[in-house]
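Where a number appears in this text, it was derived from the coordinates with a stated rule and is not lab data. In this text the structure is predicted, and so the values were computed from the model without any measurement. Note: ideal-geometry Cβ built from the backbone for every residue, glycine included; neighbour counts use all protein chains shown.
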Amino acid sequence: MSDAAAPAAQVAEAAGDHPVLRVVARVGFAVNGALHLLIAWLATRLALGDGGEVDQGGALEQVARAPAGEMMLWLGATGFLGLALWQATETLVQHHPDRRRRWGERSKAAAKSVTYLVLAVTTGQFAVGAGSDSGETTADLTTALMQAPLGQLLVAGVGLAVVGVAGYHVHKGATRRFLRDLDGAAPGRAGQVGRAMVRVGTVGYLAKGVALALVGGLFVVAAWTSDPQEATGLDGALRGLTGHPVGTALLLVIAAGVAGYGLYSLARARWARL
């Protein structure tokens, strides 16, 4: 690390270690877990023939309709903002001796920071009553990309990038690398709770990887067919399964997996390494 970068890293490390930011970040993990449990519930309803938007937008809409929904949404937005800020500090405090590995970790932290910031903004929009249909938003974004120079390649690139993220989730679940995100040997010390956490984390990461792969595949199809309406996000990807002979079973399996990821995120609110 250069002398010029050292002060910035020290400030970022101090900010990341601040107890207030750590508490807010843990709230963010808890909110993320609750939203995934809601998405799992919506996917189960879809599998059983009930309608409703099956993605984060649909889950946030359910929260908005609940008693004290506005307050819960603002709490969620604050938690996601805390996670975004904490991940932003992580982009500056990576000290791995291998330069390539260090920059890889910084890139992942930066991507997560942007993701949580988007979630914070989206949750805040629902809190003020300005939420929108996620599928339509995705299709509109795809249309805008398609109209740009080399638009089809851009959309295909987005799809392949999402598929890459999906593969990362599958790998992280299959190899149990997610245990590195936890506080030391917390699962081992927690007995039955720890073993359950490992199981739901494994299943959850695998299921989320499958769901993301479906979303990325729709972007690729949109690029191939030059039809932006094919890119419908998670809701469209899961809804498309209902037309297959084993669609109901697949939806129920994905719903169970997403619920597992939600439970793991709730546990991470307690045992996350911050």
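Quick look at the values:
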{"item": "Mean separation of Cα contacts under 8 Å (6+ apart) over length of the chain, as relative contact order %", "result": "28 percent"}
{"item": "Degrees, to the nearest 10: 99-127 long Cα axis against longest axis of the chain", "result": "60 degrees"}
{"item": "Unit charges on C-beta of K, R, D, E only; dipole of the chain, Debye", "result": "1340 debye"}
{"item": "Degrees separating the helix 5-16 axis from the principal Cα axis of the chain, which is the longest one", "result": "70 degrees"}
{"item": "Structure-based [θ]222 nm, the chain - -39500 (n - 2.57) summed over DSSP H runs of at least 4, per residue, nearest 500", "result": "-26500 deg cm²/dmol"}
{"item": "With 10 Å bins from 0: P(r) over region 134-274, alpha-carbon pairs, percent", "result": "13, 34, 28, 19, 6, 1"}
{"item": "Dipole of the chain, positive direction: furthest Cα of 125, 243, 274, with charges on the beta-carbon", "result": "274"}
{"item": "Estimated D of the chain in µm² per second, where Rh is the Kirkwood radius over Cα pairs and Stokes-Einstein applies at 37 °C, 0.692 mPa s", "result": "167 µm²/s"}
{"item": "Karplus 3J(HN,Hα) series, Hz, for region 199-214 with 6.51 cos²θ - 1.76 cosθ + 1.60 (x for Gly, Pro)", "result": "5, 5, x, 4, 5, x, 5, 4, 5, 5, x, 5, 4, 5, 4, 4"}
{"item": "Where trypsin sites (Lys or Arg not before Pro) in DSSP loops with at most 16 other Cβ within 10 Å are excluded, longest remaining stretch of the chain", "result": "1-175"}
{"item": "Signed unit charges on C-beta, dipole axis of the chain, positive-most listed residue 27, 114, 150", "result": "27"}
